[in-house]
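Taking it in order: structure first as structure tokens, then the write-up.
Quick note: the coordinates plus some simple rules give every number you see, no bench work behind them. Predicted model, so just to flag it, every value in this text is computed and none were measured. All Cβ positions, even for glycine, are placed from backbone atoms using ideal geometry, and neighbour counts span all protein chains on display.
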Amino acid sequence: MHFVKKVPTTEEEKAAKAKVQFKRSQQFLHARDRIVSKRDKGEFDDEMLSLTQAILEKNPDIYTFWNIRRTTIEQRIEANQKIQESDIGEEEKTKSAQKLESFLSGELYLSYECIKSNPKSYSAWYQRTWILERQTTPDFKKELEMCKQALMMDCRNFHCWDHCRIVAKMAKKTKQEELEFSNALIEHNPSNYSAWHYRSVALENIHYDKKTGSLKLDDSLIASELEKVMTVFYMDAEDQSAWTYTRWLLENGNGKEFLRPESATPVELITASFHGNNTTLVFSRAVTIPFLLTFVDTEDTSRWRAFSSTSPNPSSSRVWQYLSDSPLRVVISKDSDENVIWSNLETPFINKSRLETIYDIHEVPQPEYIRNLLENVQILVEDEKKDEKTKNKWPLYMKTLILMEYQPIRSHEEIISNLKLLAEDLDPKRAELYKSILSRQKLNHSIREQFERILGTDSDQLVVRYAELTSLEGVEFLAGLVGNADFQGNQLKEIHRIVLPNVHNLTISENPIERLQPSPSLSHLTFLAIAGTQISSIDAVMPCFQTIPSLDRLIFCETPLVEKTEELRKQLPGVRLIPHWL
Amino acid sequence: MSMAGLFEFARKDVNLQEKLPTKLLRDLHSNFILQYERDKNGYHYIMAEHLRVSGIYWCANAMDLTKQLSQMSADEIVQYVLSCRNSDGGYGPAPGHDSHLLHTLCAVQTLIIFDSLQKADSNSICDYVKKLQNEDGSFCGDLSGEVDTRFTLCSLATCHLLGNLSTLNIDTAVNFLLRCYNSDGGFGTRPGSESHAGQVYCCVGALAIAGRLDSISRDRTAEWLAFRQCDSGGLNGRPEKLPDVCYSWWVLASLAILGRLDFIDQSAMKKFIYACQDDETGGFADRPGDCADPFHTVFGIAALSLFGDDSLEQVDPIFCMSKKCLGSKQIEMF
């Protein structure tokens, strides 16, 4: 039950209510029995329609009764069909067709009445679609007008928005008309997440490039959309609708794709490398085995292993290993079916430009509209600072997101301090969210400094020390290049989500780790340093160590585990244990 | 909707008054649920016939999660659920009602809770589900043809629980889900639909069952979910809407699947959930001061279980059932 207030009632009131309810429930049972028995006998007649109507008007969620009505209606459509195909006179035919049409309109009216009393009834809304699909000349204009009226009453009713989308499609409304539809509703109430969403979908449909599968809005369009939405966040700077739309626009404007939902971006191979016992392929987004096979010279599906930060055994991933002592041949470039370039992986294949985008190695050019947006957001940030009573996170958060998109290098310090302010002061409820964004910013910053070395052949080391990392999301794009990783002195709480399956040396000392959980990604470790962590028991490490047969050296100085050294020695006979600094 | 309800509808958050419950009233909840089981001639029981099997799952699950399942009449419930099976292989909410994926999943879940899955005909259930998959990978909820991402979760969960996930076309099912993925990080009912927390749960859960979670941007989705937390600590289902206990489950379970439960303020969250309990009758309401019902009760309890509570069974975030009753049917996750 939603929105039903609990109100105190007297015994007398309760008794009276119970009496009414008893009568109602008996009526319902009687009608239900009658409907079910008629259905079982195949009596889809006028009586069936009136029985189901009476119940659905009170409760439109009883989908079985709508199913029964649809069966009844289908029979009438078929009957009319037969008349139309028969030798009966034209007059009879017209009469039959008209009768059916007015009957279908009546059904729309019933669904309208049901929606009025229960605007969130899935079944009642679906009945409208179903009828419109069966009318010979549906009145789409009237239908959209009805939607508009309903949205004026509740601008967020997603059933109604979904229905609008369906009707617009059926009516073959142009996308431009859909934009105008959203205009009217945004004007009515600018603080309307649903209307802005509808608008973004309409724009996506207009500017979607079917060939490349990507979306590109041109600068002038983004600029004019920003003008439109800026007036809204000036009116109410706490309104999430305007900020979400702004973010969508600014992310569409630059060439960077990794922050956006991945379903929209085309797949690219990022690295391919051979590691003695496996060939590692890293893609720009998650792929499955059938897709992988189009990149390699094997049809074997059994030797692939995928790695993920959420699950030990995923079916799709950005990072795949093919287990074999000899390297795979890999397609590193494919313009068309004829123009395919293969590599034997004597040296790793590295898609450098894509990695540069992923880790912000260069800043993207900043269009005029971004400068304008930054200025406007800055004004709001200043306003918020003046007002000590309210704590509105949005202007500062949006400013930070813009900086991360367009000035990640030159504004690094400001991005960090903004995110800290958000986590500690403006929006502490979501502190860990901001810390994870900060973490990614710092990871990128650190990778930028080591970029050329990581891509080179001399070193497979990645060092990100004392960088306030809470998460290693994003590091997986280096899975084919990093064998030696040092994350000492960060804020990592868990290691099993690290997707670096070729790592043999891992230092995670001085992180707030209490337990090591097993992870397929870490099964090649030979060296592990967990000094200065909070790990205190054998149980907290053994399940993980049991999955790392190759482990050779373990440094666990300055942990409570030092006291358990002897016990650990028994459990890990072949491992060199280092409980004290030399 | 009452006047008070209408007034609240226009606001975007609630105030937590003093004197609201601040801890879990576990035993009161079992009384509340058992009353629903007992009162079969009551108005609410009769009038909710069209969703009864789902209601049975909510009640049985609430009792299981509060470790009090033994108080229910297992045989009677199992017999009733089995009697809702139709000749197409699916289950309706009550005898005489048409089969629907929503109730088919709830029937399977209830049978698992009572360790009676062997009494169902797994093959015919999977055949029923399979027939509802469309060319584009989506699923119809029933013979009516209505498509919704909720039905994708129902289908994948049902077939997985019956050990026959591969009977479905998982590739097209995942492709359809990804078409419903929005740039704000959420998911909607169909391609183009606005993001909604319930839909996010369904899609994230379905992707987890399929082993395809990496197809989405984990942190973008977790961020959209994190912004569902209101100042009161409660979670809403969409931006600028009121918090509601059932979203505590949809949002938290999704965050748990993504491994980002710490993206929200857990203590504020718990305070809100506790405050939605009715300390007279037992049960949870959508918001403090509203009428309690089994739907909000099970999701309130399940949400609390995600944070770890020794008086509760551990809940599985994908299937919303105790890990204990799922056993080896759990999906391997970090």
**Study point:** Farthest toward positive dipole pole in chain B [+1 Lys/Arg, -1 Asp/Glu at C-beta], among B:Asn134, B:Ile331, B:Cys180
**Key:** B:Ile331
Point to revise | Under Karplus coefficients 6.51, -1.76 and 1.60, residue-wise ³J(HN,Hα) of the stretch A:525-539 in Hz, glycine/proline x | key: 4, 10, 10, 9, 10, 10, 4, x, 8, 9, 5, 10, 10, 5, 4
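On a full-extension model of 0.36 nm per residue, what is the gain between A:Met170 and A:Thr565, subtracting their alpha-carbon distance, rounded to one decimal in nm?
On the way: separation 395, 0.36 × 395 = 142.20 nm, distance 7.20 nm.
Taking A:Met170 through A:Thr565 to full extension adds about 135.0 nm, to one decimal.
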Exercise for review: Amide H neighbours of B:Met321 under 5 Å, at least 5 residues apart or on other chains, H built in the peptide plane: list them.
Suggested key: B:Asp316
Point to revise | trypsin sites (Lys or Arg not before Pro) within the stretch A:205-244: DSSP coil, no more than 15 neighbouring Cβ in 10 Å | key: A:Lys210, A:Lys211, A:Lys216
**Study point:** Between 0 and 90°, nearest 10: helix A:368-386 axis offset from chain A longest Cα axis
**Key:** 90
Check your understanding: Hey, got a sec? Which chymotrypsin sites (Phe, Trp or Tyr not before Pro) in the stretch A:535-582 land in a DSSP loop and have at most 14 other Cβ atoms within 10 Å?
Key -> A:Trp581
Practice item. For A:Val482, enumerate residues with amide H under 5 Å from its amide H, sequence gap 5+ or separate chain, H modeled in the peptide plane. Key: none
**Study point:** Cα-based helix-to-principal-axis angle, A:90-117 vs chain A, degrees rounded to 10
**Key:** 60
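From the alpha carbon gyration tensor of the stretch A:313-446, can you work out the equivalent ellipsoid semi-axes (sqrt of 5 times each eigenvalue) and give them in Å, largest to smallest?
Details: eigenvalues 348, 73, 28 Å².
They are 42, 19, 12 Å, listed from largest to smallest.
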Study note, to complete from the structure: Taking alpha-carbon centroids only, the stretch B:274-330 lies from the stretch A:29-64 a number of Å equal to 36
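Can you tell me the relative contact order of the stretch A:262-358? Whole percent, Cα pairs under 8 Å, sequence separation 6 or more.
Details: 175 pairs, mean separation 30.5, N = 97.
About 31 percent, as a whole number.
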**Study point:** Computed over the stretch A:450-578: relative contact order in percent, which uses C-alpha pairs under 8 Å that are six or more apart
**Key:** 17
Point to revise | Estimated FRET transfer efficiency (A:Ser523, A:Ser336; beta-carbon r; R0 56 Å; 0.05) | key: 0.90
Review point. For chain B, which span is the longest to avoid every loop-located (per DSSP) member of GluC sites (Glu not before Pro) having at most 12 other Cβ atoms inside 10 Å?
Key: B:136-279
Practice item. Could you pull out every residue, at least 5 positions away or on a different chain, whose amide H is within less than 5 Å of the one on A:Arg285? Hs are placed 1.01 Å off N in the peptide plane, and Pro or chain starts have none. Key: A:Glu268
Review point. With θ set to phi - 60° and the Karplus curve 6.51 cos²θ - 1.76 cosθ + 1.60, what are the ³J(HN,Hα) couplings of the stretch B:185-194 in order, to the nearest whole Hz, using x for Gly and Pro?
Key: x, x, 10, x, 5, 8, x, x, 6, 5
Check your understanding: How long, wide and thick is the stretch B:211-334, going by the Cα atoms along their three principal axes, in whole angstroms, largest first?
Key -> 43, 35, 21
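Can you sort A:Val331, A:Val340 by how many other beta carbons sit within 10 Å, fewest first? Numbers along the way, then the final one.
Details: A:Val331 16, A:Val340 11.
The most exposed by this proxy come first: A:Val340, A:Val331.
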Study note, to complete from the structure: Going residue by residue through the stretch A:575-581, the Karplus relation 6.51 cos²θ - 1.76 cosθ + 1.60 with θ = phi - 60° gives ³J(HN,Hα) values, rounded to whole Hz and with x marking Gly or Pro, of 9, 7, 9, 10, x, 9, 5
Review point. Which aspartates and glutamates does A:Lys19 reach when only Cα atoms under 14 Å apart count, and residues fewer than 8 places away in its own chain are ignored?
Key: A:Glu11
Review point. What 222 nm value per residue comes from the helices of chain B, counting each DSSP H run with n ≥ 4 as -39,500 (n - 2.57) and dividing by all residues, nearest 500 deg cm²/dmol?
Key: -14000 deg cm²/dmol
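Between rounded, prolate and oblate, where does the stretch A:1-158 land on the alpha carbon gyration tensor, with a ≥ b ≥ c its root eigenvalues, rounded for a/c under 1.5, else prolate if a/b exceeds b/c?
Oblate shape, in that a/c is at least 1.5 and b/c is the bigger or equal ratio.
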Practice item. Could you pull out the GluC sites (Glu not before Pro) across the stretch A:308-402 that fall in loop regions by DSSP (anything but H, G, I, E, B) with no more than 15 other Cβ atoms inside 10 Å? Key: A:Glu338, A:Glu346, A:Glu363, A:Glu388
Exercise for review: Figure the gain on full extension for B:Met47 and B:Leu20 (residue separation times 0.36 nm, minus the Cα-Cα span) and round it to one decimal in nm.
Suggested key: 6.7 nm
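List, in the order given, every pair from B:Lys131/B:Lys323; A:Lys393/B:Lys270; A:Lys58/B:Lys67; A:Lys175/B:Lys131; B:Lys12/B:Lys323 whose Cα-Cα distance in the structure shown is over 27 Å. Write down the numbers at each step before the final one.
Details: B:Lys131/B:Lys323 30 Å; A:Lys393/B:Lys270 23 Å; A:Lys58/B:Lys67 37 Å; A:Lys175/B:Lys131 34 Å; B:Lys12/B:Lys323 35 Å.
Checking Cα-Cα distances, B:Lys131/B:Lys323; A:Lys58/B:Lys67; A:Lys175/B:Lys131; B:Lys12/B:Lys323 exceed 27 Å.
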Point to revise | Total charge dipole magnitude, the stretch A:273-394, about the Cα centre, Cβ charges on Lys, Arg, Asp, Glu only, Debye to nearest 20 | key: 440
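Relative contact order (percent) for chain A, with alpha-carbon contacts under 8 angstrom and 6 or more residues of separation?
With pairs under 8 Å counted, the relative contact order is 7 percent.
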Study note, to complete from the structure: As straight-line cross-link partners of B:Lys130, the qualifying aspartates and glutamates (C-alpha separation under 13 Å, not fewer than 8 residues apart within one chain) are B:Asp88, B:Asp142
Check your understanding: Zone of A:Ser224 (label point 7 Å along Cα→Cβ, backbone N under 14 Å): which residues in the stretch A:182-202?
Key -> A:183
**Study point:** 0 to 90° range, to nearest 10: angle between helix A:431-455 axis and chain A longest Cα axis
**Key:** 50
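Taking 2.2 N^0.38 Å as the expected size of a compact globular protein, what ratio does the Cα radius of gyration of the stretch A:262-358 give against it, to two decimals?
1.03
Taking the Cα centre as origin and putting +1 on Lys and Arg beta-carbons and -1 on Asp and Glu beta-carbons, what dipole magnitude results for chain A, to the nearest 20 debye?
1560
For chain A, take the alpha-carbon Rg, divide it by the Kirkwood Rh, and send me Rg/Rh. Intermediate values should be presented prior to the final figure.
Details: Rg = 31.8 Å, Rh = 29.4 Å.
Rg/Rh: 1.08.
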